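**Student:** Can you read through this structure? Questions will come right after.
Every number here is computed from the coordinates shown, using simple stated rules; none is lab data. Bear in mind that the values here come from a model prediction, so they are computed numbers and not experimental data. Neighbour counts are summed over all protein chains in view; Cβ atoms, including those assigned to glycine, are modelled from backbone coordinates with ideal geometry.
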Amino acid sequence: MFNINTWANPEYLYLLLIIPLLAAWYWFRHKARQPEMEFSDVGAFAKAPKSIKTSLQHILFILRMLVLALLIVALARPQTTSKRQNINVEGIDIVLAMDVSSSMLARDFKPDRLEAAKNIAKDFIMKRPNDRIGLVIFSGEAFTQVPLTTDHAMIINMFREIKSGMIEDGTAIGDGLATAVSRLKESDAISKVIILLTDGVNNSGSVDPMSAAEIAKLYGIRVYTIGIGSRGYAPYPVQTPFGTQMQQMKVQIDEDLLKKIADETGGHYFRATSNNKLKKIFEEIDKLEKSKIEVQEFRKKYEMFLPFALLAMALFGLELLLRYLVFIRIP
């Protein structure tokens with residue numbers, strides 16, 4: 001009936017403990033005043049009809065206790081609150097530029113570099129529901145796998161189709177970065193970010209990586225670069241006449257270039273040497289590029305004691321009517 005959220009004076013509710021004490025006092029008092037008469041046989045009274053007054057002999061006390069309870073509740077000042085929220089979400093536009101060259105099949109990550117990067121990137125995407133995210137893949141050339149979208153489920157489904165060898169082999173870092181920039185240059189988001197992940201040295205493509213970085217800076221795009229691969233040597237799958245065999249090959253990542261790209265655009269360079277390290281890098285980028293959510297909450301309280309007070313007055317009036325019109329006592 002009443003939507004009560006809080007009480008202004010909740011300490012008054014302890015007064016409700018008086019009611020069971022008064023009820024006990026009334027019961028003992030009523031029993032003590034009950035007259036007693038001895039009859040040899042009460043059979044003559046068994047079928048005697050009970051009057052309304054007899055059936056309702058305790059109604060006055062019950063009404064008085066209800067009035068008292070309602071007045072105590074009114075004194076405690078029950079209140080209801082209404083609230084309204086204004087939420088302003090400013091999402092970030094992010095493009096993942098991912099290397100899918102054959103070297104991404106190295107097994108220094110589990111199960112390999114490419115699958116590890118895909119799995120960790122999926123978790124990163126699912127944690128950012130307010131952002132538009134796109135996906136660019138590159139090897140010897142680059143293309144957009146998914147344009148900027150908030151349909152994150154679709155992006156994650158597209159990850160299943162990403163495989164090494166789907167485009168010409170090589171490492172075109174400049175082309176991958178330039179393609180990602182082209183997806184973001186028309187964006188009107190307050191923050192525009194590229195996460196570029198590679199395990200090699202720029203050896204393909206038609207765009208110089210630093211030229212692409214300068215264009216990114218021109219459009220206010222921050223680039224976080226990630227070099228993925230253990231230090232020293234790593235096992236690579238190599239096709240031989242006897243099938244696929246693992247060979248230890250030197251890990252070559254152009255860290256100087258990746259650092260320059262990040263510095264030029266105001267981003268950061270990270271080196272991932274294991275699955276756990278790569279996961280922590282994405283978590284750090286997630287913290288650095290949090291969506292801005294501003295919440296303004298307005299609360300208003302409404303007093304609810306009046307209905308209880310009015311109901312108490314009505315019941316008190318009913319008690320007076322019954323006391324002086326129905327249950328009249330003869331002095």
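**Student:** How would Tyr26, Tyr302, Tyr224 line up from fewest to most surrounding beta-carbon atoms within 10 angstrom?
**Tutor:** Tyr302, Tyr26, Tyr224
**Student:** Follow-up question, since we're still on this one. For the pairs Lys185/Lys290; Lys127/Lys217; Lys118/Lys217; Lys122/Lys192, flag any whose C-alpha to C-alpha distance is greater than 23 Å.
**Tutor:** Pairs exceeding the cut-off: Lys127/Lys217; Lys118/Lys217.
**Student:** Here's another thing I want to ask about it. Which whole-number percent of Cα pairs in region 92-290 have a distance greater than 20 Å?
**Tutor:** I get 51 percent for the Cα pairs in region 92-290 exceeding 20 Å.
**Student:** Mind giving me the nanometre distance, one decimal, between the label points for Ile19 and Asn276, set 7 Å out from Cα along Cα→Cβ?
**Tutor:** Here the answer is 6.1 nm between the modelled labels.
**Student:** To continue, here is another question. Among Leu257, Leu306, Leu22, which comes first, second and so on when ranked by fewest other beta-carbon atoms within 10 Å?
**Tutor:** The order, fewest Cβ neighbours first, is Leu306, Leu22, Leu257.
**Student:** Sort Lys301, Lys260 by Cβ crowding within 10 Å, fewest neighbours at the top.
**Tutor:** Ordered from fewest to most neighbouring Cβ atoms within 10 Å, Lys301, Lys260 come out as Lys301, Lys260.
**Student:** For a quick check: with amide H placed at 1.01 Å from N, whose amide H comes under 5 Å from Leu135's, ignoring anything fewer than 5 positions away on the same chain?
**Tutor:** Result for Leu135 returns Leu96, Gln145, Val146.
**Student:** Report the label-to-label distance for Glu11 and Arg323 in nanometres (one decimal), using points 7 Å from each Cα along the Cα→Cβ vector.
**Tutor:** It is 3.1 nm.
**Student:** Turning to a different aspect of this structure: Which value in nm describes the separation of the simple spin-label points at Lys163 and Gln247, placed 7 Å from the Cα toward the beta carbon?
**Tutor:** Each label point is offset 7 Å from its Cα along the Cβ direction, giving 2.3 nm.
**Student:** Let me ask another. Alpha carbon centre of region 229-282 versus region 158-183: separation in Å?
**Tutor:** Region 229-282 and region 158-183 have Cα centres spaced 16 Å from each other.
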